[in-house]
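Asks: Take this structure first; my questions come after.
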Amino acid sequence: MPDISLTMIVLLCLAALAAGWIDAVVGGGGLLLLPVLLLGLPSHTPAAHALGTNKAVAIVGTTGAAVTYARKAPVDVRTAVRIGLAALAGSSAGAFFAAGMSTEVLKPVIMVVLLGVAAFVILRPAFGTAPATGPATRRQILAAIGLAGLGIGFYDGLIGPGTGTFLVLALTAVLHLDLVTASATAKIVNCCTNAGALVTFAWQGAVLWQLAALMAVFNLAGGTLGARTALKKGSGFVRIVLLTVVFALVGNLAYEQWIA
């Protein structure tokens, strides 16, 4: 356990709880959890340890949310796993390119894309509210593997913020899922990408396991509660949270680009 105060440990656990809830509903929990870890850990702690601990915490909440969704939502687990494996490959490739590329030039592009997404969701109130009309076609599945798997997986390895939100949007658009089912499917995909990243960080010795285990309990509670909330409230509620997270992403990226 790192040398941090009891007050900070409590704040980290509460952040893990809130991040689990947000991530389960529509993705983007890392927007809250990772900055809190970076601020809460001692200043001499390498950034990689915050990243590794974040993944160790997040995978528990994501798994809990995925199991909750799978029990009550019409999730095609086989398709989700196939997309997840593609995302795992994509994120590995993205991480490889990230080592020699400045991601600062990409942040304004991502902000424009996010604002376009927000405008689309606002102007299309029915987006993601209608249930799927039937099983996805082979063409739709291949498109989802390419876009949500390889494409967004690559983005996750290259930059990262908002990956869960992008997954929900892509799965809704490509597979014609409602937002609740898309969130459920995204959780399974996230389990795959988080597992791959966690293995890498663990191999590098960049995980604070004791702190991660404590925070993971709260993240699991938040993830399970978030999934139940989304299932109970429906796609309309998820749509509101989605727009909130999208604007939070834009604000976070703008802050990092021009202020921080």
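Asks: Just for the range 73-107: of the residues that are among the charged types (D, E, K, R) and surrounded by fewer than 14 Cβ atoms within 10 Å (Cβ to Cβ), which one is modelled with the lowest pLDDT?
Replies: GLU104
Asks: Any chance you could count how many residues in the range 50-86 are assigned to a helix (DSSP H, G or I), over 23 Å from ALA221 (Cα atoms) and not aliphatic (A, V, I, L, M)?
Replies: Within the range 50-86, residues that are assigned to a helix (DSSP H, G or I), over 23 Å from ALA221 (Cα atoms) and not aliphatic (A, V, I, L, M) number 4.
Asks: Also, I was wondering about something else. Kindly indicate whether any position in the range 129-136 is at pLDDT 75 or above and in a helix (DSSP H, G or I).
Replies: no
Asks: If we scan the range 177-187, do we find a residue that is closer than 21 Å to LEU34 by Cβ, hydroxyl-bearing (Ser, Thr, Tyr) and open to solvent by 40 Å² or more (accessible area, probe 1.4 Å)? Walk me through it before giving the result.
Replies: Going residue by residue through the range 177-187, those that are closer than 21 Å to LEU34 by Cβ are 183, 186-187.
From what is left, the residues that are hydroxyl-bearing (Ser, Thr, Tyr) are 183.
If we keep only those that are open to solvent by 40 Å² or more (accessible area, probe 1.4 Å) too, we end up with none.
Looking through the range 177-187, none of the residues is closer than 21 Å to LEU34 by Cβ, hydroxyl-bearing (Ser, Thr, Tyr) and open to solvent by 40 Å² or more (accessible area, probe 1.4 Å).
Asks: Moving to a separate point now. Please go through the range 187-207 and pick out each residue that is more than 24 Å from LEU231 (Cα to Cα) and of a type in the set (Ser, Thr, Tyr).
Replies: Filtering the range 187-207 down to residues more than 24 Å from LEU231 (Cα to Cα) leaves 195-207.
Answer for the range 187-207, where residues must be more than 24 Å from LEU231 (Cα to Cα) and of a type in the set (Ser, Thr, Tyr): just THR200.
Asks: A further question on this structure: Determine which member of the set LEU211, LEU177 is over 15 Å from the mean Cα position of the chain (by Cα) and in a loop (DSSP other than H, G, I, E, B).
Replies: On the way: LEU211 fails: in a loop (DSSP other than H, G, I, E, B).
Every option except LEU177 fails the conditions.
Asks: Kindly indicate whether ALA48 is of a type in the set (A, V, I, L, M, F, W, C) and open to solvent by less than 10 Å² (accessible area, probe 1.4 Å). Working first, answer last.
Replies: On the way: of a type in the set (A, V, I, L, M, F, W, C): yes; open to solvent by less than 10 Å² (accessible area, probe 1.4 Å): no.
When the stated conditions are applied, ALA48 does not pass them.
Asks: Quick check on the range 21-39: of everything there that is under 22 Å from ILE4 (Cα atoms) and open to solvent by less than 10 Å² (accessible area, probe 1.4 Å), which residue is nearest to the chain's Cα centre (by Cα)? Please lay out each step first, then the result.
Replies: Step one: list which residues in the range 21-39 are under 22 Å from ILE4 (Cα atoms), which gives 30-39.
Add one more test, that the residue is open to solvent by less than 10 Å² (accessible area, probe 1.4 Å), and what stays is 33, 37.
Working: LEU33: 11, LEU37: 16 Å.
Among them, the one singled out is LEU33.
Asks: Given the options ARG239, ARG228, name the one that is charged (D, E, K, R) and either closer than 19 Å to ALA16 by Cα or at pLDDT below 80 (or both). Give the derivation first.
Replies: On the way: ARG239 fails: either closer than 19 Å to ALA16 by Cα or at pLDDT below 80 (or both).
Step by step, each of ARG239, ARG228 is checked, and only ARG228 is charged (D, E, K, R) and either closer than 19 Å to ALA16 by Cα or at pLDDT below 80 (or both).
Asks: Search the range 188-207 for residues being over 17 Å from GLY164 (Cα atoms) and out of contact with any His (no Cβ under 6 Å at 6 or more places or on another chain), and hand back the single one that is least open to solvent (accessible area, probe 1.4 Å). If you could, list the steps in order and put the result at the bottom.
Replies: Start the filter on the range 188-207 by keeping residues that are over 17 Å from GLY164 (Cα atoms), which leaves 199-207.
Okay, now just the ones that are also out of contact with any His (no Cβ under 6 Å at 6 or more places or on another chain), so 199-205, 207.
Numbers: VAL199: 100, THR200: 69, PHE201: 39, ALA202: 44, TRP203: 211, GLN204: 108, GLY205: 48, VAL207: 14 Å².
This residue is VAL207.
Asks: Could you please find all residues in the range 1-32 being within 16 Å of TRP209 (Cα to Cα), of a type in the set (A, V, I, L, M) and in a helix (DSSP H, G or I)? Full working, then the answer.
Replies: Keep residues of the range 1-32 that are within 16 Å of TRP209 (Cα to Cα), which gives 1-4, 9, 12-13, 16.
Narrowing further to those that are of a type in the set (A, V, I, L, M): 1, 4, 9, 12, 16.
Passing the criteria: ILE9, LEU12, ALA16.
The values are calculated or read from the model by the stated rules, or taken from the named source; none is laboratory data. The structure presented is a predicted model; accordingly, all values stated were derived computationally and were not measured. No Cβ is skipped: glycine too gets one built from the backbone with ideal geometry, and neighbour counts run over all protein chains shown. Accessible surface is based on the protein model in full, side chains and every heavy atom, while ligands, DNA and RNA are left aside. Shrake-Rupley method; radii C 1.70, N 1.55, O 1.52, S 1.80 Å.
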